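Trainee: Encoded as C-alpha cells, here's the structure I'll be asking about.
We did not get these values from a lab; they are worked out from the coordinates using the rules stated. As the structure is a computational prediction, the values presented were derived from the model and not from experiment. Backbone-built Cβ (ideal geometry, glycine too); neighbour counts: all protein chains shown.
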Amino acid sequence: MRRAIEWDGDAIVIVDQTLLPGTFATQRITNVDELIDAIQRLAVRGAPALGVAGALGVALVAGRDDASELAERLARARPTAVNLRWGVEQALKELPNGPQQVLARAQRLAKADEEINKRASFRAAEYVKAHTTRRKLRLHTHCNTGWLATAGWGTALGVVWHLANENAIEEVLVDETRPLLQGARLTAFELAEAGVPYCILPDSAAATALAEGRSDAVVVGADRIAANGDVANKIGTYPLALAAKHHGVPFLVVAPESTIDAKTLTGKDIAIEERDAAELGDLVPDGAKAFNPAFDVTPADLITAIVTEDRVWEPATRA
Ligand code: MRU
C-alpha cells in the first residue's frame, strides 16, 4: 500500500503532493529544514499527516543537542492544524530515552493513525446510513481527507471507502477547493484510482448542488476543533456548512480525537494561516491586494455531528 508519509532507514519519505495528479514522485527528507519546507509548500499536508510529520521530524533530530529548538521550529511550520504540534510533543516525550525510542514512538503514532481513521470513518459511515434514506448515497466533500492527508486510509474520505466497499456510493461530489485545488487534484486522484464515481464542482457551485438535492450528506475533515465544537478546516468549509444547514443536509466532521484542542475554547481562538497572494493564480494583476486565508471556522451550530474514533459528538444539539 502506498503511503503519503513514512520512515525509511534514516529518512522521512513523502509523496510530493504538489506534483499530483500529473506526477507521482516521492521525496526523501533527512533534516528539519527540508521537512519545514515540504510542510510549508504543502508537499506533505492534511492534519493527521502533519501529526506524523511532526513526530517523525523529532526522530530526525533526536540525537542532537539542539533537538528541542529544532522541534519547536517544526511545530510552528504551520499554525492551524493542531496535529502538527501534537505529533511533535508526543515524540518529544521519548527524547530522554534516546533516538531509538523517539523513532519507535513516532512509528507507533503513524500506525495508530490509520487504525483510528478506520474506526472514526466506520462510525461516521454508520451515522450517515442512519440519517439518510437512499441505498446508494451521494456524498459531498471538500479538500482532501484521504490516504494522502493521513498516515493511511483517511478521515472523511474514509467514510467513502467504507461505503464503497458496501457498494453504497452512487457518486462523490468533490469541491475543487480553491485556490490550491486539493479536491480537484488530490481527492479526484484518490477516487479515480479507487474506481469510485465522482463529480468535480467549483466551490462556488456547492450551494447550488445542495439546493438541487444532489447530495445526501456532507463529510469533511478538520484541522483543529475547539472545545465548544467550532471547527477549523480548509477555506470554503464554512459556506458549505451554511448551505447544508439551509437545505437540511447532514454535515459531518470526521477527525481523530487528537484534532480536538481542549485548550482552544472557541473558534475565535484558532490561529488561521494566511497564504501568499501568489497562490490565487497567474491572472491576478501584479501587486493586487489579496485576502487568502487557508482555513475558515465553521461554528458548532452548523455541524450535525463531529465523529471521532471514540464518539459521536452533536455540538449543535448540546449547545
Ligand atoms: O492546507 P491543507 O491541504 O493541509 O488543508 C487540509 C485540510 O483542510 C483537511 O480538510 C484537514 O487537514 C483534514 S485531513 C484528514
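Trainee: With labels modelled as points extended 7 Å from the Cα through the Cβ direction, what inter-label distance (nm, one decimal) is found for Ala25 paired with Glu115?
Mentor: Going by the 7 Å Cα→Cβ label model, 3.6 nm.
Trainee: Say a paramagnetic label sat at a point 7 Å from the Cα of Ala192, along Cα to Cβ; which residues of region 3-43 have their backbone N under 18 Å from it?
Mentor: Only 16-26 fall inside the zone, counting backbone N under 18 Å.
Trainee: For region 63-132, state which trypsin sites (Lys or Arg not before Pro) are in a DSSP loop and have at most 16 other beta carbons lying within 10 Å of their beta carbon.
Mentor: Arg64, Arg76, Lys93
Trainee: Oh, and also: Looking at region 171-258, which GluC sites (Glu not before Pro) are in a loop (DSSP not H, G, I, E or B) and have at most 15 other Cβ atoms within 10 Å?
Mentor: The qualifying sites are Glu212.
Trainee: Quick one: among Ala205, Ala77, Ala55, which has the greatest mean-square fluctuation in a GNM of the chain with alpha-carbon springs under 10 angstrom?
Mentor: Looking only at Ala205, Ala77, Ala55, the largest GNM fluctuation is found for Ala205.
Trainee: Further question on the same structure: Going by Cα centres, region 222-249 and region 151-174 are how many Å apart?
Mentor: 19
Trainee: Hey, with R₀ at 25 Å, roughly what FRET efficiency would Asp282 and Ala205 work out to, going by the Cβ-Cβ distance, to 0.05?
Mentor: 0.65
Trainee: Given the convex hull over the Cα atoms of region 117-317, what projected area results after averaging over all orientations, in nm²?
Mentor: Projected over every direction and averaged, the Cα hull of region 117-317 covers 11.1 nm².
Trainee: Continuing with the same structure: Under the 0.36 nm per residue contour assumption, what length would be gained going from the current alpha-carbon distance of Ala104 and Ala130 to full extension?
Mentor: 5.4 nm
Trainee: If I model a spin label at Asn97 and Asp37 as a point 7 Å from the Cα along the Cα→Cβ vector, what separation in nanometres do I get?
Mentor: 3.3
Trainee: If R₀ is 45 angstrom, what is the calculated FRET efficiency for the pair Ala227 and Val13, using the beta carbon separation as r and rounding to 0.05?
Mentor: 0.80
Trainee: Which entries of Lys245/Lys268; Lys245/Lys289; Lys93/Lys234 have Cα-Cα distances beyond 26 Å here?
Mentor: Lys245/Lys289; Lys93/Lys234
Trainee: With both partners inside the chain, how many of the DSSP beta bridges are antiparallel, as a percent to the nearest 5?
Mentor: 45
Trainee: Taking amide H positions as placed in the peptide plane 1.01 Å from N, state which residues far from Ala25 in sequence (5 or more) or on other chains have amide H under 5 Å from it.
Mentor: Long-range HN contacts for Ala25: Asp16.
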